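Data block below; observations after.
The values are calculated or read from the model by the stated rules, or taken from the named source; none is laboratory data. Since we're looking at a predicted model, the values are computed, not measured. All Cβ positions, even for glycine, are placed from backbone atoms using ideal geometry, and neighbour counts span all protein chains on display. Note: areas computed on protein heavy atoms with side chains; ligands, DNA, RNA excluded. Shrake-Rupley method; radii C 1.70, N 1.55, O 1.52, S 1.80 Å.
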Amino acid sequence: MKRLPFPILPATLWLLVFLVVPSAIMFGYSLLTRTDLAQVGLPWTLENWQRVFGYDALFQEWVPDNLRVLWRSLLVAAGTTLLCILMGYPLAFYIARQDERRKNLLLLLLIIPFWTNFLIRVYAWILILRPFELVPSLTATFLGMVYALLPFFVLPVYSSVEKVDWRLLEAAQDLGASPSRAFLAGVFPQTLPGLVAGVLLTFIPALGMFVVSDILGGAKTALIGNLIQNQFGQAGDWPYGSALSFLLMGVVLLGLWGYARSAGQKGLEELI
C-alpha cells in the first residue's frame, strides 16, 4: 500500500476529521430512533429515511411535503443564482475595466458589507422593505438572498475577467463578427471558469440557507434549510434532521457530479 505524499497528508487528515467522520456520525444518527424527551437511542430504523421521501409510517400513506419543500428550495436557489448572474456578470466586467484606483474602490464597496454581522444586515432589510409591505414574502427572501450572495458571484467572475485576452475580441471584430458574436466567441469562453465558480458559490449556499428565509420569508416560504434547522432545534428530532441533511447533501453532490461529467477533466482543471 502506497503512503500518501507528505504535502497532501495535512489536507487529507483535515477532510477525514472534519468531513468524513462527522458525516459518518450524522449518517449513524439518521438510522437511530427519537426517544422521549428529545433523546436519541436504539433501535435502528429506516423510518427517518421513509419520512424524508414522504412515507408516513403512522398513517401508512405517502405525504410528499418534504419533496415539495425541496422543490421550492431548488426554485428559490435557481432564481437567486439567475438574478446574481444578470446583475453580477456585467458588474464584474464594469469593475475590471476601470482604472486601478477606481477598481480598488469598487471592490472595497463590494466586500465592505462583510465587515458587519450577517444577521444584522438581514434584519436591516426588514426596515427597508417594511414600508413597501414586502415582509414577510417570497420577494423579500429573493432580495435578501441576492444581497447576501452577490459578492460571492462577482468576485470569481471578476478574477476571470482580469485574465481575459482582449486581443481575441479585436481579432473577431477584424474578421467581421458583430459585437455580440465577437463577445460570445472571444471573451465569454475565457470567463466561463469564473462564471461556473460563481454559480456554484451562489446556488449551493442558497439551497441550504435558512436565516434569510426565516427572517424575511416567514413560515409560508420555509425552505429545506429551515426544515433541517427546525429538526435540530425546536423539534429536537436529530435522526430525522440527519436524514434530511443527507437528502440535501445528495442533491448537491448529484449536481456537482453532473457538472463533472459534462465538463470533463479540462473543465474541472480550469474551474480549480
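Structure values in brief
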item	result
Single unsatisfied condition, residue 85 versus (1) open to solvent by 30 Å² or more (accessible area, probe 1.4 Å); (2) assigned to a helix (DSSP H, G or I); (3) out of contact with any Phe, Trp or Tyr (no Cβ under 8 Å at 6 or more places or on another chain)	(3)
Region 157-171, residues that are touching a Gly at 6+ places or on another chain (Cβ under 8 Å) and modelled with pLDDT of 90 or more	157, 158, 159, 160, 161
Elements of type helices (runs of 4 or more DSSP H) contained in region 8-56, each with 1 or more residues being touching a Ser or Thr at 6+ places or on another chain (Cβ under 9 Å)	21-30, 47-52
Near pairs, Cβ below 7 angstrom, 6+ apart or cross-chain, from region 66-78 (without any contact (Cβ under 8 Å) to a residue 24 or more places away in the chain) to any residue that is open to solvent by less than 50 Å² (accessible area, probe 1.4 Å)	67/54
Boolean, residue 243 is surrounded by fewer than 15 Cβ atoms within 10 Å (Cβ to Cβ) and closer than 30 Å to residue 29 by Cα	no
Residues being among the charged types (D, E, K, R) and in contact (Cβ under 8 Å) with a residue 24 or more places away in the chain - total across region 146-184	3
Output for region 169-182, where each listed residue is outside any helix (DSSP H, G or I) and hydroxyl-bearing (Ser, Thr, Tyr)	178
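Residues checked against (1) free of Cβ contacts under 8 Å to residues at least 40 places away in the same chain; (2) open to solvent by 70 Å² or more (accessible area, probe 1.4 Å); (3) assigned to a helix (DSSP H, G or I); (4) within 23 Å of residue 223 (Cα to Cα):
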site	(1), (2), (3), (4)
81	no, no, yes, yes
89	no, no, yes, no
103	yes, no, yes, no
110	no, no, yes, no
114	yes, yes, yes, no
119	no, yes, yes, yes
123	no, yes, yes, yes
129	no, no, yes, yes
139	yes, yes, yes, yes
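Conditions tested, residue by residue: (1) modelled with pLDDT under 85; (2) touching a Leu at 6+ places or on another chain (Cβ under 7 Å); (3) assigned to a helix (DSSP H, G or I); (4) open to solvent by less than 70 Å² (accessible area, probe 1.4 Å).
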{"site": "146", "(1), (2), (3), (4)": "no, yes, yes, yes"}
{"site": "155", "(1), (2), (3), (4)": "no, no, yes, yes"}
{"site": "184", "(1), (2), (3), (4)": "no, no, yes, no"}
{"site": "189", "(1), (2), (3), (4)": "no, no, yes, yes"}
{"site": "194", "(1), (2), (3), (4)": "no, no, yes, yes"}
{"site": "204", "(1), (2), (3), (4)": "no, no, yes, yes"}
